[in-house]
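Single-structure report; data block below.
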Amino acid sequence: MTTTNQNPLAYLHDQLQEMQVKGLHFHLRVLQGEQKARAKFDGKDVINLSSNNYLGLTTNRALRRAAIEAIRTHGVGAGAVRTIAGTMDLHMALEEQIAKFKGTEACVVFQSGFTANAGTVAAILGKDDLIISDELNHASIIDGCKLSKATIKVFRHKDVAACERLCKETENWPGRKLLITDGVFSMDGDIAPLAGLCDLAEKYDCIMMVDDAHASGVLGRNGRGTVDHHGCHGRVHIQVGTLSKAIGAMGGYVCGSRELVDFLYHRARPFLFSTGHPPSVVATCQAAITLLDSSDGEKLIKRLWANTRFFQRRITKLGFSIGLSQTPITPIHVGEAAKAFEFSRRLYDAGVYAPAVGFPTVAEGKARLRAIVTATHKRADLERACEIMAEVGRGLSLVS
């Protein structure tokens with residue numbers, strides 16, 4: 001028998017080379033210090049338009065104090081999966097707090113927003129069931145749908161009429177049916193037509209599920225999300241959110257009925273097979289929800305929206321297209337992926353960090369920069385960022 005030293009992963013080299021030729025290859029920017037509106041990446045001070053830290057809570061003093069105190073009282077780790085010995089009193093208190101905040105019976109916290117989506121869909125549905133999904137739903141929803149082995153039907157983005165046609169075609173489906181959407185779409189910044197989708201879910205007997213990752217802390221009263229924003233309380237069976245964006249820490253959650261949460265305790269694989277959150281993270285999230293649900297939280301959200309309106313007005317006046325964004329997520333449409341990545345690189349060199357997004361995150365030919373404004377951006381920094389974008393954009397013939 002002969003052996004060779006051939007590397008079975010050699011094909012990855014060829015694919016990476018192809019990315020470089022197309023101008024799509026990137027390296028990870030390394031943040032040195034705190035996640036702030038002005039930050040240092042790879043040793044360079046830049047205006048940071050790349051973070052999901054909508055309210056600036058990653059450096060909030062009250063959250064820091066809560067994390068430190070939890071380490072003193074509960075240690076640095078949970079030590080086990082939640083179903084064995086890893087459920088602490090802090091975990092239960094956080095879940096009760098989130099459920100109350102969202103206006104639901106119960107809540108379960110997952111290790112990330114991705115696992116919350118994927119683990120929930122895969123747990124509640126099977127091969128005999130049906131999923132009706134918006135075409136621009138997040139990858140975690142798409143992966144959860146595939147893991148469930150259910151039949152998947154996709155409707156045109158935010159098109160309620162197209163969704164109803166699918167609901168009508170499958171009206172007599174013998175299994176369970178799930179209608180699922182993002183609340184805020186992460187690459188376009190637009191908001192789902194949730195009330196219309198709830199109407200369809202009720203009319204055609206579907207489970208209604210929304211992923212509020214980018215709406216949590218941004219939309220609705222004190223950041224309660226799209227369900228509150230649209231006045232759809234009691235009409236959405238499953239609400240998913242994140243603790244790693246506006247909340248400033250890490251994790252995801254699922255809110256709904258007590259029976260839903262109890263079922264996920266028993267069947268959601270990410271919950272069953274992952275260690276519970278460290279006490280410091282749990283306490284940080286508790287402090288963040290407390291802050292959100294206060295006048296200080298309300299002020300932060302108002303500042304976030306004031307900065308968003310200012311930045312988006314300036315950008316569009318300069319000639320950039322931000323599509324149909326309705327939130328602090330501000331896509332700056334370029335089209336050609338190589339040009340989008342070059343735009344991002346030149347902006348970084350000039351002092352603005354706004355990452356480019358290309359295929360497969362978005363469709364080919366629809367590459368863009370995704371800028372995100374936060375409550376903690378100073379007006380002067382946003383003005384300077386717009387000036388730099390205009391100068392660099394003119395050099396690439398993106399604006400005149």
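The values are calculated or read from the model by the stated rules, or taken from the named source; none is laboratory data. Owing to the predicted nature of the structure, the values given are computational and were not obtained by experimental measurement. Ideal geometry is used to build each Cβ from the backbone, glycine not excepted, and the neighbour counts take in all protein chains shown. Each accessible area value is taken on the protein alone, full model and side chains, heavy atoms only, with ligands, DNA and RNA left out. Shrake-Rupley method; radii C 1.70, N 1.55, O 1.52, S 1.80 Å.
Quick look at the values:
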read-out	value
Linear extension gain, Arg165 paired with Arg313, 0.36 nm per residue minus alpha-carbon span	49.6 nm
Using alpha carbons only: equivalent-ellipsoid semi-axes of segment 5-86, gyration tensor based, whole Å	37, 26, 10
Pairwise centroid distance, computed over Cα atoms, of segment 281-296 with segment 197-259, Å	18
For Ser244, residues with placed amide H under 5 Å, excluding near neighbours	Ala249, Gly251
Residues whose placed amide H lies under 5 Å from that of Leu219, excluding near-sequence neighbours	Gly225
Dimensionless Rg ratio for segment 136-237, taking C-alpha atoms and the 2.2 N^0.38 Å reference	1.04
Cα-based shape type of segment 1-139, given that a ≥ b ≥ c are square roots of the gyration tensor eigenvalues and the cut on a/c is 1.5	oblate
Percent of Cα pairs exceeding the 36 Å cut-off, where the set is the chain	28
Choice from Lys127, Lys177, Lys158 showing the highest fluctuation, given a GNM over the chain with Cα pairs closer than 10 Å	Lys127
Carbon + sulfur, % of accessible area of segment 1-72 - ligands and nucleic acids excluded, 1.4 Å	53
Proximal lysines relative to Lys22, as straight alpha-carbon distance under 16 Å, when same-chain residues fewer than 8 apart are discounted	Lys339, Lys366
Helix runs (DSSP H) in the chain reaching 18 Å along axis by Cα, Kyte-Doolittle at least 0.5	279-292
Reachable lysines, given that their alpha-carbon falls under 24 Å from the alpha-carbon of Lys100 and they are not under 8 places away in the same chain	Lys245, Lys299, Lys302
Backbone HN-Hα couplings from phi across segment 36-48 [Karplus 6.51/-1.76/1.60, Hz, Gly and Pro as x]	10, 5, 10, 8, 10, 10, 6, x, 10, 6, 9, 7, 8
Share of carbon and sulfur in the accessible heavy-atom surface of segment 249-400 [1.4 Å probe, %]	50
Hits among lysines - C-alpha to C-alpha of Lys203 under 27 Å, sequence gap 8 or more where chains match	Lys102, Lys127, Lys146, Lys149, Lys153, Lys158, Lys168, Lys177
Stretchable slack from Glu298 to Arg64, in nm (0.36 nm times residue separation minus alpha-carbon distance)	82.2 nm
Cα pair distances of segment 357-400 binned at 10 Å [whole percent]	23, 38, 34, 5
Placed amide H near Leu178: partners under 5 Å, 5+ positions off or other chain	Leu130, Ile131, Ile132, Ile207
Student exercise, segment 41-184 dipole from Lys, Arg, Asp, Glu Cβ charges, in Debye to nearest 20	160
Fraction of the pair-distance distribution of segment 306-400 above 24 Å, Cα-Cα pairs, percent	12
Accessible area per residue in Å² at 1.4 Å probe, computed on the chain	47
